[in-house]
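These notes concern the structure reproduced below.
The values are calculated or read from the model by the stated rules, or taken from the named source; none is laboratory data. Everything numeric here is computed off the predicted structure, so don't read it as measured data. Positions of Cβ are generated from backbone atoms using ideal geometry, with glycine treated the same way; all protein chains shown enter the neighbour counts. Surface accessibility is based on the protein's heavy atoms, side chains included, excluding ligands, DNA and RNA. Shrake-Rupley method; radii C 1.70, N 1.55, O 1.52, S 1.80 Å.
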Amino acid sequence: MSTTTVPHVPALLGDRGLAGTEAPLLTYCDDATGERVELSASELAGWASRTAALLHEGCGLGAGSRMAVLLPPHWQTAAVLLGAWSAGIAVSFRLAATAGLTRVGDETGPLDAVFAARSRIGSWLEDVPEAPHRFALGLAPGGAPLADVPDGYRDFIAEVAWYTDSLPGYAPVRRTDAASADGTTFREWGGLAHGLTKLIDLRPGDRLLVDAGRYEHPVQWLLTPLAAGASVVLCANLDPFGLHARAAAEGATRVLGVGRA
């Protein structure tokens with residue numbers, strides 16, 4: 001039985017943290033490709049730790065650094081976000097739903113790193129920000145590396161593989177530190193996540209089914225289930241008419257946006 005805690009969930013979500021068994025904590029499935037990935041708490045922690053090491057040791061980033069994330073709901077996105085927060089890095093969420101719109105609030109000051117989906121790099125609609133360290137993610141089934149890495153980018157999967165899954169002893173992340181580039185603190189994001197658990201009646205031990213196409217912000221599909229002590233099934237290209245059938249097949253007790261299963 002593992003007692004591994006997802007890195008710095010306590011800073012985000014309170015003293016409970018999230019330790020668990022080897023049962024799936026995050027399940028990602030794509031109905032278009034047939035991909036299915038199940039990560040336990042310890043496996044997700046390993047990916048987050050490798051990402052933190054890539055940023056801290058490989059890029060020299062840490063507390064006070066800022067990075068942008070242009071990624072959809074995905075298990076690799078969870079690793080990137082938790083890894084960045086483990087290294088004390090503030091994140092700017094660049095959602096696909098707001099691509100092309102004028103941004104306000106977090107645009108002051110340069111960025112130190114960018115993580116972008118390959119499909120969003122070079123898109124006429126996107127304005128991918130500049131940064132000294134830029135990583136592309138193909139998000140291919142099985143975590144396969146990119147076949148074509150865009151100029152000026154490094155392949156996240158290839159780069160993160162060089163690091164171990166043991167989180168080094170970085171300076172502790174405080175709840176008053178900025179978790180996002182607009183200055184929102186870990187405490188504030190954690191408070192929002194805890195509030196959402198009450199709003200959707202999510203409880204410890206629940207299994208939350210999330211339609212990745214409808215709920216893009218990580219506070220919805222990542223932080224809220226972690227705050228509740230629940231596991232999450234993240235489904236891309238989900239057929240809305242098969243929502244309840246999918247919930248039953250996954251053993252979901254709760255569907256985001258719908259009543260308790």
**Q.** Phi-based couplings in Hz for region 55-66 (Karplus 6.51, -1.76, 1.60; Gly and Pro marked x)
**A.** 6, 7, 7, x, 10, x, 9, x, 3, x, 7, 9
Q) Residues of region 36-192: accessible area per residue at 1.4 Å, in Å²? A) 43
(Q) Which order do you get for GLU188, GLU35, GLU159 if you rank them by accessible area with a 1.4 Å probe, largest at the top? (A) GLU188, GLU159, GLU35
Q.
From the protein chains alone at 1.4 Å, what is the descending order of accessible area for THR164, THR51, THR253, largest first?
A. THR164, THR253, THR51
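For region 199-261, go through all pairs of different Cα atoms, get the mean of 1/r, take its inverse, and jot down that Kirkwood value in Å. List each step's numbers first, then the result.
Values: mean 1/r = 0.0876 Å⁻¹.
Radius from the Kirkwood sum: 11.4 Å.
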Q: Have a look at ALA45, HIS56, ALA32 and report the one farthest towards the positive end of the charge dipole of region 31-71, computed about the Cα centre with Cβ charges (Lys/Arg +1, Asp/Glu -1).
A: HIS56
Q: Run the dipole for region 146-261 about the Cα centre, Lys and Arg Cβ at +1, Asp and Glu Cβ at -1, nothing else charged, and hand back the magnitude in debye, nearest 20.
A: 700
Q. Considering only DSSP beta bridges whose two residues both sit in region 135-261, what percent are antiparallel, to the nearest 5?
A. 20
**Q.** Contour excess over end-to-end distance, with Cα ends at ALA23 and HIS217 and 0.36 nm allotted per residue
**A.** 67.4 nm
Q | Carbon + sulfur, % of accessible area of region 123-261 - ligands and nucleic acids excluded, 1.4 Å | A | 55
Q | Other-chain or far-sequence residues with amide H under 5 Å of LEU61's (modelled H) | A | HIS56
Q. For VAL149, what accessible area in Å² do you get when you roll a 1.4 Å probe over the heavy atoms of the protein chains, rounding to the nearest 10?
A. 70
(Q) Can you give me the solvent accessible area of ASP112 with a 1.4 Å probe, rounded to the nearest 10 Å²? (A) 40
**Q.** Extreme residue, positive dipole direction of region 192-261, given options HIS217, ALA236, VAL255 (C-beta unit charges)
**A.** VAL255
Q. If R0 is 30 Å, what FRET efficiency do you get for ASN237 and ARG203 from their C-beta distance, rounded to 0.05?
A. 0.60
Q: Name the shape class, rounded, prolate or oblate, that the alpha-carbon gyration tensor gives for region 114-261, where a ≥ b ≥ c are the square roots of its eigenvalues, rounded holds for a/c under 1.5, and otherwise prolate holds if a/b is larger than b/c and oblate otherwise.
A: oblate
Q: Quick one: which residues, 5+ away or cross-chain, put their amide H under 5 Å from the amide H of PHE135? H built at 1.01 Å from N.
A: VAL114, PHE115, ALA116, ARG154
Q) Using bins 5 angstrom wide from zero, how does P(r) for region 25-83 break down, in % of all Cα pairs? A) 4, 17, 25, 22, 16, 10, 5, 2
